[in-house]
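Reviewing the structure listed below.
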Protein chains: 2
Amino acid sequence: MVEILRSIGVIARSLDSISNIEFKDYDLTKGQYLYLVRIYENPGIIQEKLAGMIKVDKTTAARAIKKLEKNNFIVRKQSVDNKKEKKLYVTDKGKKVYPVINRENVYSNQVALKGLDAAEQKQILKLLKIVENNIASDWEYVKKGNKREY
Amino acid sequence: MVEILRSIGVIARSLDSISNIEFKDYDLTKGQYLYLVRIYENPGIIQEKLAGMIKVDKTTAARAIKKLEKNNFIVRKQSVDNKKEKKLYVTDKGKKVYPVINRENVYSNQVALKGLDAAEQKQILKLLKIVENNIASDWEYVKKGNKREY
DNA sequence: GAATTTTAGTTGCAAATGCAACAAAATGAT
DNA sequence: ATCATTTTGTTGCATTTGCAACTAAAATTC
């Protein structure tokens, strides 16, 4: 019964691969769309939280964000109340690309859910949210250097 | 309703990240476990099919497999009936690691499904299989250089 | 309030990833 | 049988990814 992990892996790689190919026309290189949409939807979010949100190494996030900034999709503003933090915001250029990403995501979502009725669509989302929550704590645990016992 | 894509992405990255960290003790570097289990379960499979099975670029698969061979986890045997193909088989060393990977996967699966009753577990697997199928054709389509219209 | 721990971010490596572009064998079409 | 196409695999190159190791600011503990 290891199938759900594999299925999820296969689906995720497929979707990511498709997105990366489709966004190349918009100057967005591998993975960048991930960060951009989250910054758009969470203006002022900091790098560390963003990394945790999408479950990616903080150094990977740092570099992806740096590149987004270099390419003028986002800006980093020094937080006034906290000298460590740099708050992230989407620029006008970033705001223009957002609908493109969103449109693609909505379409892929449609393709993914083809053949499922409304109740099943609701159900899979609900169940995935639970799984996401379940696995999130283990991710943090292992990322911090702790060893899972099993 | 783009949430299922995101949820799947988050879960997949979490699981992959955890696996990569946990398998480091067994000389398996990033991603290798993916290929090894599939070769174990499908002896004689060729590289191209394996790449398609896990939805990864064929050049990425080529290099991961090359490394698995170099580290003696698998062997490549020239197919007798087809001079292009190289069939893949797990070595004794590979066979020894398989249970380790499987045990981890089973555990992660358990963690993932925590809080879901038997019916829900069955349901999520069934729905994910449909989604996997739905998205697989788009992956192949886009990978071959075709453009999705939406 | 000084000392310790946690949080947020960075840089140096080494490795993985994937697109392009290629070669050669196998298959299909006429 | 010949020619075109598809399948399988490779290498070059640029980019992404992530673990280690490190600063510095903030929060917590004593």
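The values are calculated or read from the model by the stated rules, or taken from the named source; none is laboratory data. The structure presented is a predicted model; accordingly, all values stated were derived computationally and were not measured. When we count neighbours, we look across all protein chains shown, and the Cβ atoms used for this are built from the backbone with ideal geometry, even at glycine.
Just the residues that are free of Cβ contacts under 8 Å to residues at least 12 places away in the same chain and under 30 Å from residue A:122 (Cα atoms), please, taken from region B:17-29.
The one that is free of Cβ contacts under 8 Å to residues at least 12 places away in the same chain and under 30 Å from residue A:122 (Cα atoms): B:17.
In the list A:17, A:7, which residue meets the criterion of being within 14 Å of chain B (Cβ to nearest Cβ), over 27 Å from residue A:144 (Cβ atoms) and within 8 Å of DNA strand C (Cβ to nearest atom)?
After applying the criteria, what remains is A:17.
Which numbered condition trips up residue B:107, out of (1) of a type in the set (Phe, Trp, Tyr); (2) in contact with a strand residue (DSSP E or B) (Cβ under 8 Å, 6 or more places away or on another chain); (3) part of a helix (DSSP H, G or I)?
Of the numbered conditions (1) of a type in the set (Phe, Trp, Tyr); (2) in contact with a strand residue (DSSP E or B) (Cβ under 8 Å, 6 or more places away or on another chain); (3) part of a helix (DSSP H, G or I), the odd one out for residue B:107 is (2).
Show me the helices (runs of 4 or more DSSP H) found entirely inside region B:1-91 where at least 2 residues are closer than 23 Å to residue A:53 by Cβ.
B:3-23
When residues of region B:51-101 are filtered for being more than 10 Å from DNA strand C (Cβ to nearest atom) and under 23 Å from residue A:19 (Cβ atoms), how many remain?
2
Across region B:106-137, which residue is nearest to residue A:16 (Cα to Cα) among those that are basic (Lys, Arg) and either in contact (Cβ under 8 Å) with a residue 12 or more places away in the chain or more than 7 Å from every other protein chain (Cβ to nearest Cβ) (or both)?
By that ranking, first place goes to B:126.
Using the structure shown, decide if residue B:35 is modelled with pLDDT of 95 or more, touching a Phe, Trp or Tyr at 6+ places or on another chain (Cβ under 8 Å) and of a type in the set (Phe, Trp, Tyr). Please lay out each step first, then the result.
Numbers: modelled with pLDDT of 95 or more: yes; touching a Phe, Trp or Tyr at 6+ places or on another chain (Cβ under 8 Å): no; of a type in the set (Phe, Trp, Tyr): yes.
Criteria not met by residue B:35.
Among the residues of region B:96-118, is there at least one that is surrounded by 17 or more Cβ atoms within 10 Å (Cβ to Cβ) and more than 30 Å from residue A:132 (Cβ to Cβ)?
No, every residue in region B:96-118 fails to be surrounded by 17 or more Cβ atoms within 10 Å (Cβ to Cβ) and more than 30 Å from residue A:132 (Cβ to Cβ).
Output the number of residues of region B:59-71 satisfying the condition of being surrounded by fewer than 13 Cβ atoms within 10 Å (Cβ to Cβ) and either at pLDDT below 95 or of a type in the set (D, E, K, R) (or both).
2
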